[in-house]
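Enquirer: One structure is given below, represented as structure tokens, and several questions about it will come after.
The values are calculated or read from the model by the stated rules, or taken from the named source; none is laboratory data. Here the structure is a predicted model, which is why all the values come from computation and not from measurement. A quick note on method: Cβ atoms are made from the backbone with ideal geometry, for glycine too, and the neighbour counts reach across all protein chains shown. Areas reflect the complete protein model, heavy atoms only, side chains present, ligands, DNA and RNA absent. Shrake-Rupley method; radii C 1.70, N 1.55, O 1.52, S 1.80 Å.
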Amino acid sequence: MGVRLVVQGLFKNIIKTRKMGLKFKAGATIFFVIMIFGLLSFLTPHYHSYWYHFPQAHPPSLQSVDFIFGTTSNGRSVFWSLTNAIVNSLIIAVVTSMLACHIGLIIGILSGIKGGVIDKIMMFLTDSFIAIPGLPLTIMLAMILKPIINLFLLGVIISIISWPWSARMIRAITLSLREKDFVIFAKFSGMSTWKIIFSEIFPHILGFHATNIINTMLGAIGAEVGLAFLGLSIIEMDTLGTMIYWIQRYGAILQNMWWWVVPPIATLILLFLSLYLVSTGIQEFLNPRLRRVK
Amino acid sequence: MNDEVLRIKNLSGGYLVKRDNTLDYIDAVNDVNIIIKRDEVFGIAGESGCGKSTLLKLLYGYVKSPLIIKKGEVLLSESTNYYLNILSLKNEEVKKKIWWKYISWIPQNSMNVLNPTIRIKDHFLEILRMHMKIERDEAHKLIVEYLGLLGLSKDIVNAFPHQLSGGMRQRIIIALALITRPKIVLADEPTTALDVVVQRGILQWLGYKQRELKNTMIIVSHDLSIHAMLSKRIGIMYAGKIVEISRSENIFEKPLHPYTQLLLSSLPRLGDKSLRIGITGSPPDLIRPPLGCRFHPRCPYCIERCIIEEPDLTEAEKDHFIACSRIEKR
Amino acid sequence: MDNKNTAQLLVLKNINKVFRYGFFGFEFKALDKVNLTIEHEGIIYTIAGESGSGKTTLARIILGVHKPDEGLVEYKGKNIHSLKSSEARWFRREVQAIFQDPYATFNPMKKVYSYLYETVRSFLGFHDESEINEYINSRLLSIGLKLDDVKEKYPHEFSGGELQRIAIAKSLLTMPKLIIADEPVSMLDASFRINILNLFKDLKRRYNISFLYITHDLATAYYISDFIAILYRGTIVERGPTEDILRNPLHPYTQILLDSLPEPDPKKRDKYMKPLKLSEIEEKEFTVQGCKFSFRCSYSNEKCLQTRPPEILINNRVISCWLYHYK
Amino acid sequence: MLPKHLIKYFLFRILILLATIFTAFTITFVILKIMPIDIVNNIIARSMAVTGAALGDPEAVRRMYEIYYEIFGLKGTFIEQYVSFLNRFLTMDFGISILARPATVQEVISYRLPWTVALLVFSTILSWVIGNIIGAVVSLFEGSKLSNILQSLAIILYPIPYYVFALVLIYIFGYIIPLFSLTPIRLPSNIFSLEFIITVFRAMTLPALSIIVIGALGWWFLSSRAMALNIISEDFYLYGEIRGLPKLHLLKKYLLKNILLPQITALSINLGTIFGGALLTEILFNYPGLGTLLYQAVNAGDYPLVLGIVSMSIIGVAVATCIMDLLYPLIDPRIRYR
């Protein structure tokens, strides 16, 4: 029953996208285009996995799809690398955001609703995690787990530093809602605690949760790139981070191999921009006060 | 000598609001005419959304988007036969020449109107420097002296707003409005957020100051009891129009307009348990106000003429103006 | 449920509630030894107090939202803070709540009808849609509303007064014995306010419903209530029949409060304008040992500051003031 | 003399600081302990491989094992493990750095630390000040062309991490306008010479610029503008307008004064993120700070050094946040006089 309500709520919100502002539309469009580009990765030819397959550092030309963005110093096609990188980076982002945001959601709601000792313990844990600067901790973990690293594990590592904020925010929202008149009113309309959580409290959290998922994705993509700078991402795979790692490694910028440099950086910036626009778009939609300010 | 200080002539104004790609005009103040005299407390009463606060803003010349003036004049009487129209002045001119020199303002909601990060003294300094060109040292002496005169402790000049109670802050705000001795003081719901005991203190103080300074005070409040305790003359507003103006004895003892009558009879009073009856229906949407008399859909005495014809404010008895077609006829 | 007819409707015994704030553990005594009894059905009992008197906290304690730190709230002889789940349902059926801001009471994303529907389905055990509608319609009609005018609308499509009426209609669906109304009319215009109050009176007469009417407005309290309790900084200073207390207040605070009430009558202006010397509200009042009003009271002495006055029964009212101790 | 409640607050805040550091290290301890792989052997094998046979001295290897066993909680009872771990982290005693043998980890870090601190302090303060002022000023001209341009720019810059933006800067300044050398800097020995100052300045400019541009025009601009717009709709600002106060005065005493205080809190909350971003930025510009050191340490498999930098950052960020929180009540009159 609860699930049905949540789905209904989500559905209603999606229908309302027609009324979403320009920011949301622009962001969603850019994201959609990048996604389509990423989906081309399913057409990746098998020889893309071999290094030095193509002439090294070949500038872009139209002779074949492989050369459309030129090749790297390792003789790999920038085009195929990029399409694969988009998908892999997004996988990391989705794993992170799904894990971190939902752990945060559950802990936050539980803490907020139950209160008492459970709340105190959970919040102590959350606050302690928040106090640790994220990057050094992830670096340490990534370094230790380097021998067995994969996309999923990388997502897990990044979510270790991402969940506490979600938990904190959700708890604060839940707490403020718990004693609102409409919740008491619902209680005296005979609704059960679970129904109140789903139909009265959750819809108010949903908006934050949605933007939080997107922001966490944004943060995860950034964190992966950060780890890659240190050579701690999955070097043998194409991700946006590792592409930049190789660019760095081979001094592509100083050699002015712009065709190698521009695509991943531009994609990265566009990806950041689109996710940010989508998230602020949702925020403004849900909070008319922000909409007015524009 | 002329005892008029302010003459409001055919004043209309409202808000331009964009909603779903249509531009709506909210007709908040419609064709208001009032003459306000020296040394009086004039009350503007009405229920929420009747345009009383908007009227006050227009009087003050504080016109900022989305508020616009449609037509009309707000004339300040400077001497017997010289009138200055505030609404014809430029924004900067009103700010420099009129505000606090001629008219000052007591806002509502005293809890939040003082800047939380500067001291009480700085609030006074700002006004003295801006409007009286008095510099710091001299101003400081003046402030301490002034607060002493008002019976406020000198220690509070160095306090921050949050250290004072609500009643104290409201006193400070009133003191701020009076320090330049303006001819007119506008007060927008000056005691709404306060408890009744504190409210009594503030209203007494306000009344006492007015008698001492012999200036004019225009008080806006939805609470008729406050007007009964303070105002000398009262204008009753309904849906953007003034429906009745008279001395407060007349308003409370023999109201002529049906709205005023119904409003007064709906107020419960201590010591009287007789059945009171409210007004049916709700106030009109000011985007599309009703034709004719704006009160006609709720008026139990409505006749055909009320629906067609917009009544003017006319003097039904001496000093008793009312806008009602049925009375006009009489 | 067996002692339905013998027990008093609502009893508050020695309710204490302390809120704690922030780093420094600043304590704020919202309610201090509050006693109150609503004897039976069909009584309108007012709790009157100014901002910060703890009246909303009291309402929430009675509704079971907050737990008191000490003391008991008994509804028909049962402690409402230790109800079993079936008893909790019974309690929520018999006791209903109305709040100050109707727009904050209804979820803006849901049709108001869903609350009516939910209440009937869950409390009265109706399952058939048409049966439910019929029942809702009959209830709405009894207070002058029609189901068709309500059914498809969202909260923002009603005016504040209409929405408050619907909130009342919703609480009537379960045929409650007690309605807790927390400042139900303070957001409404004067011309509409009286309609809601008349409705309360009417419901009390027709259905024998009791009301706990929480307000800061003594004039409306006088108009509708049978009993009144005056709350000051978390303590009840005086309680008893409304007529007695508001016509002849004994506690110095009630006296000052009534004197300070502006009235829509210019003849009372001179009395109102007679200067009144009062110190400002002091934060100390929340933590003082003795009578909370002693800082501002013109009769106060050392004893008032040091020791809390006992509850003294005079005629049919209860006063907490040392002035009346020897009587 | 400070009022009593402030002293209480200060003591309490310092207690929180200590608790934070302890729990942070405890969490690190737990995470390291539950790692699913054989860490110590991996590490030693890797560092041997990186540094070659030079570490072949059996005594040195034995000492390394010792330290690692303590760090990863493999020695003694659980309590002993925990205590020795805490001891290592708090004192940052991780033995000798593999990378910079025979220097100890503490020595290497203390040599690089001033560079990072200088870069961070300089760029953070500058971006915070610039961003907040621009944000507040622009809010007064809401709807104008300039405001719209700055806003669009901010929306693009806001989500970009410093280190990605740094790549853009490198491309522009390293290739298109080659103003700055991107090769590792070599410091002149005389620290009082003009040359020294110029070298430091040149080394610092680009990393600082990438932090300042993103920070000022992205982060702080957006938050300060949002806050300013809120204040403008607030009663006390409107009342200021009604009193006819000059615009400049309103900007200074009403907007900025009320924005800067909450923005200090925002800064203290974001310190950790800023720190992390700045570390990575350093790498790109070969700036001789902790970030570049971390990069070298990771690449050389120098675990002692990495752990040293990690514990340094945890302590550093916690202390910096604490200092900001301690300063706050001294600046905010609302807390100062309660």
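Enquirer: If I go through region A:161-197 residue by residue, how many of them are over 30 Å from residue A:138 (Cα atoms), in a helix (DSSP H, G or I) and among the charged types (D, E, K, R)?
Expert: Taking region A:161-197 as the starting set, the residues that turn out to be over 30 Å from residue A:138 (Cα atoms) are A:175-197.
Still in the running and in a helix (DSSP H, G or I): A:175-178, A:181-187, A:193-197.
Right, trim to among the charged types (D, E, K, R) and you get A:178, A:181, A:187, A:195.
Adding up the residues that qualify gives 4.
Enquirer: Restricted to region A:236-249, and to residues that are within 14 Å of chain D (Cβ to nearest Cβ) and surrounded by fewer than 24 Cβ atoms within 10 Å (Cβ to Cβ), which residue is nearest to residue A:149 (Cα to Cα)?
Expert: By that ranking, first place goes to A:245.
Enquirer: Here's something else I'd like to know. Tally the residues that are of a type outside the set (S, T, N, Q), modelled with pLDDT under 90 and closer than 18 Å to residue D:164 by Cα, restricting the search to region D:186-208.
Expert: Kept after step one, since they are of a type outside the set (S, T, N, Q), are these residues of region D:186-208: D:186-188, D:191-192, D:194-198, D:200-204, D:206-208.
Subsequent filtering for residues that are modelled with pLDDT under 90 retains D:186-188, D:191-192, D:194-198, D:200-204, D:206-207.
Within this subset, residues satisfying the condition of being closer than 18 Å to residue D:164 by Cα are D:204, D:206-207.
Adding up the residues that qualify gives 3.
Enquirer: Quick check on my filter: what residues within region B:117-147 are within 28 Å of the chain's Cα centre (by Cα) and away from chain D (no Cβ under 14 Å)?
Expert: Selection gives B:143, B:146, B:147.
Enquirer: Now for a separate question. Considering only region C:38-120, give the helices (runs of 4 or more DSSP H) lying wholly within it that have at least 3 residues that are closer than 27 Å to residue C:242 by Cα and either at pLDDT 90 or above or within 14 Å of chain B (Cβ to nearest Cβ) (or both).
Expert: On the way: elements: C:55-62, C:85-94, C:102-105.
In region C:38-120, C:55-62 are the helices (runs of 4 or more DSSP H) which contain 3 or more residues that are closer than 27 Å to residue C:242 by Cα and either at pLDDT 90 or above or within 14 Å of chain B (Cβ to nearest Cβ) (or both).
Enquirer: Please list, ordered by residue number, the helices (runs of 4 or more DSSP H) wholly in region B:213-300 having 2 or more residues that are without any contact (Cβ under 8 Å) to a residue 40 or more places away in the chain, touching a Pro at 6+ places or on another chain (Cβ under 6 Å) and within 11 Å of chain C (Cβ to nearest Cβ). Before the answer, list the steps.
Expert: Details: elements: B:224-230, B:248-253, B:258-265.
Once the helices (runs of 4 or more DSSP H) in region B:213-300 are filtered for at least 2 residues that are without any contact (Cβ under 8 Å) to a residue 40 or more places away in the chain, touching a Pro at 6+ places or on another chain (Cβ under 6 Å) and within 11 Å of chain C (Cβ to nearest Cβ), what remains is B:224-230, B:248-253.
Enquirer: Does any residue of region A:94-115 turn out to be open to solvent by 10 Å² or more (accessible area, probe 1.4 Å), more than 14 Å from chain D (Cβ to nearest Cβ), outside any helix (DSSP H, G or I) and closer than 30 Å to residue D:16 by Cα? Steps first, please.
Expert: Going residue by residue through region A:94-115, those that are open to solvent by 10 Å² or more (accessible area, probe 1.4 Å) are A:94-95, A:98-99, A:102-103, A:105-107, A:109-110, A:113-115.
Adding the requirement that they be more than 14 Å from chain D (Cβ to nearest Cβ) leaves A:94-95, A:98-99, A:102-103, A:105-107, A:109-110, A:113-115.
With outside any helix (DSSP H, G or I) added as a condition, the list becomes A:115.
Of the ones still in play, those that are also closer than 30 Å to residue D:16 by Cα are A:115.
For region A:94-115, residues open to solvent by 10 Å² or more (accessible area, probe 1.4 Å), more than 14 Å from chain D (Cβ to nearest Cβ), outside any helix (DSSP H, G or I) and closer than 30 Å to residue D:16 by Cα: present.
Enquirer: What number goes with the only condition from (1) open to solvent by 40 Å² or more (accessible area, probe 1.4 Å); (2) more than 10 Å from chain A (Cβ to nearest Cβ); (3) in contact with a strand residue (DSSP E or B) (Cβ under 7 Å, 6 or more places away or on another chain) that residue C:125 does not pass?
Expert: For residue C:125, the exception is condition (3).
Enquirer: Return the total of residues in region B:163-212 being touching a helix residue (DSSP H, G or I) at 6+ places or on another chain (Cβ under 7 Å), assigned to a helix (DSSP H, G or I), away from chain C (no Cβ under 11 Å) and more than 22 Å from residue D:235 (Cα to Cα).
Expert: 1
Enquirer: Which residue out of D:227, D:204 is part of a helix (DSSP H, G or I), open to solvent by 40 Å² or more (accessible area, probe 1.4 Å) and either away from chain B (no Cβ under 14 Å) or over 30 Å from residue B:132 (Cα atoms) (or both)? Let's see the steps before the verdict.
Expert: Values: D:204 fails: open to solvent by 40 Å² or more (accessible area, probe 1.4 Å).
Going through D:227, D:204 in turn, just one is part of a helix (DSSP H, G or I), open to solvent by 40 Å² or more (accessible area, probe 1.4 Å) and either away from chain B (no Cβ under 14 Å) or over 30 Å from residue B:132 (Cα atoms) (or both): D:227.
Enquirer: Also, quick follow-up: Of all residues in region B:190-214, count the ones that are open to solvent by 20 Å² or more (accessible area, probe 1.4 Å) and under 15 Å from the mean Cα position of the chain (by Cα).
Expert: The total comes to 1.
Enquirer: When you scan region D:255-265, do you find a residue that is facing chain A (nearest Cβ under 10 Å) and aliphatic (A, V, I, L, M), even just one?
Expert: If we filter region D:255-265 for residues that are facing chain A (nearest Cβ under 10 Å), which is where we start, we get none.
Within region D:255-265 (the criterion being facing chain A (nearest Cβ under 10 Å) and aliphatic (A, V, I, L, M)), the answer is no, since none of the residues qualifies.
Enquirer: Here's another thing I want to ask about it. Determine if region D:311-333 includes at least one residue that is within 9 Å of chain A (Cβ to nearest Cβ), modelled with pLDDT under 85, open to solvent by 10 Å² or more (accessible area, probe 1.4 Å) and out of contact with any Asp or Glu (no Cβ under 8 Å at 6 or more places or on another chain). Reasoning before the result, please.
Expert: Our first condition is that a residue be within 9 Å of chain A (Cβ to nearest Cβ); within region D:311-333, this holds for D:311-314, D:316-318, D:321.
Filter again for modelled with pLDDT under 85, leaving none.
No, region D:311-333 has no match at all.
Enquirer: Would you call residue C:210 under 30 Å from residue C:122 (Cβ atoms) and hydroxyl-bearing (Ser, Thr, Tyr)? Spell out the reasoning first.
Expert: On the way: under 30 Å from residue C:122 (Cβ atoms): yes; hydroxyl-bearing (Ser, Thr, Tyr): yes.
Here the answer is yes, as residue C:210 does meet what is asked.
Enquirer: Regarding region D:103-111, can at least one residue be identified that is in contact (Cβ under 8 Å) with a residue 40 or more places away in the chain, within 17 Å of residue A:280 (Cβ to Cβ) and open to solvent by 60 Å² or more (accessible area, probe 1.4 Å)? It would help to see each step written out before you state the result.
Expert: Keep residues of region D:103-111 that are in contact (Cβ under 8 Å) with a residue 40 or more places away in the chain, which gives D:105-106, D:108-109.
Filter again for within 17 Å of residue A:280 (Cβ to Cβ), leaving none.
Looking through region D:103-111, none of the residues is in contact (Cβ under 8 Å) with a residue 40 or more places away in the chain, within 17 Å of residue A:280 (Cβ to Cβ) and open to solvent by 60 Å² or more (accessible area, probe 1.4 Å).
Enquirer: Please indicate, with yes or no, whether at least one residue in region A:186-194 is of a type in the set (Val, Ile, Thr) and open to solvent by less than 10 Å² (accessible area, probe 1.4 Å). Let's see the steps before the verdict.
Expert: Applying the first criterion (of a type in the set (Val, Ile, Thr)) to region A:186-194 yields A:193.
Now narrow it down to the ones that are open to solvent by less than 10 Å² (accessible area, probe 1.4 Å): none.
The answer is no; no qualifying residue exists.
Enquirer: Out of the residues in region D:287-303 meeting the condition of being more than 16 Å from residue A:142 (Cβ to Cβ) and touching a Ser or Thr at 6+ places or on another chain (Cβ under 6 Å), tell me which one is surrounded by the fewest Cβ atoms within 10 Å (Cβ to Cβ).
Expert: D:289
Enquirer: Being under 22 Å from residue D:41 (Cα atoms) and not in a helix (DSSP H, G or I) is the filter; apply it to region A:127-160 and report the residue that is most open to solvent (accessible area, probe 1.4 Å).
Expert: Only one residue fits best here, namely A:150.
Enquirer: Given the conditions (1) over 21 Å from residue B:32 (Cα atoms); (2) in contact (Cβ under 8 Å) with a residue 40 or more places away in the chain; (3) open to solvent by less than 40 Å² (accessible area, probe 1.4 Å), and given that residue B:99 satisfies all but one, which numbered condition is not satisfied?
Expert: Failing condition for residue B:99: (2).
Enquirer: I'm trying to understand the selection: among the residues of region A:247-275, which are under 22 Å from residue D:286 (Cβ atoms) and at pLDDT 90 or above?
Expert: A:264, A:265, A:268
Enquirer: Mind checking which residues of region A:116-126 are open to solvent by less than 60 Å² (accessible area, probe 1.4 Å) and within 14 Å of chain D (Cβ to nearest Cβ)? Write out each step before concluding.
Expert: Initially, region A:116-126 is screened for residues open to solvent by less than 60 Å² (accessible area, probe 1.4 Å), giving A:116, A:119, A:122-123, A:126.
Within region A:116-126, A:122, A:123, A:126 qualify.
Enquirer: Moving to a separate point now. Count, please, the residues in region C:293-324 that happen to be part of a loop (DSSP other than H, G, I, E, B), closer than 20 Å to residue C:229 by Cβ and open to solvent by 80 Å² or more (accessible area, probe 1.4 Å).
Expert: Final tally of qualifying residues: 2.
Enquirer: Something else: Looking only at region B:54-72, which residues are out of contact with any Gly (no Cβ under 6 Å at 6 or more places or on another chain) and buried (at least 19 other Cβ atoms within 10 Å of the Cβ)?
Expert: Correct list: B:54, B:55, B:56, B:57, B:59, B:60, B:61, B:62, B:72.
Enquirer: Okay, moving on. May I ask you to list pairs of residues, at least six apart or on different chains, whose Cβ atoms are under 7 Å apart, with the first in region C:146-158 being loosely packed, with under 12 Cβ neighbours inside 10 Å and the second being assigned to a loop (DSSP other than H, G, I, E, B)?
Expert: Cβ pairs passing all conditions: C:152/C:111; C:156/C:108.
Enquirer: Checking residue D:222 against (1) in contact with a Ser or Thr (Cβ under 8 Å, 6 or more places away or on another chain); (2) away from chain B (no Cβ under 14 Å), which test does it fail?
Expert: (1)
Enquirer: Please specify each residue of region D:242-271 satisfying the condition of being among the small types (Gly, Ala, Ser) and open to solvent by 20 Å² or more (accessible area, probe 1.4 Å).
Expert: If we filter region D:242-271 for residues that are among the small types (Gly, Ala, Ser), which is where we start, we get D:244, D:266, D:268.
Listed by number, the list holds a single entry, D:266.
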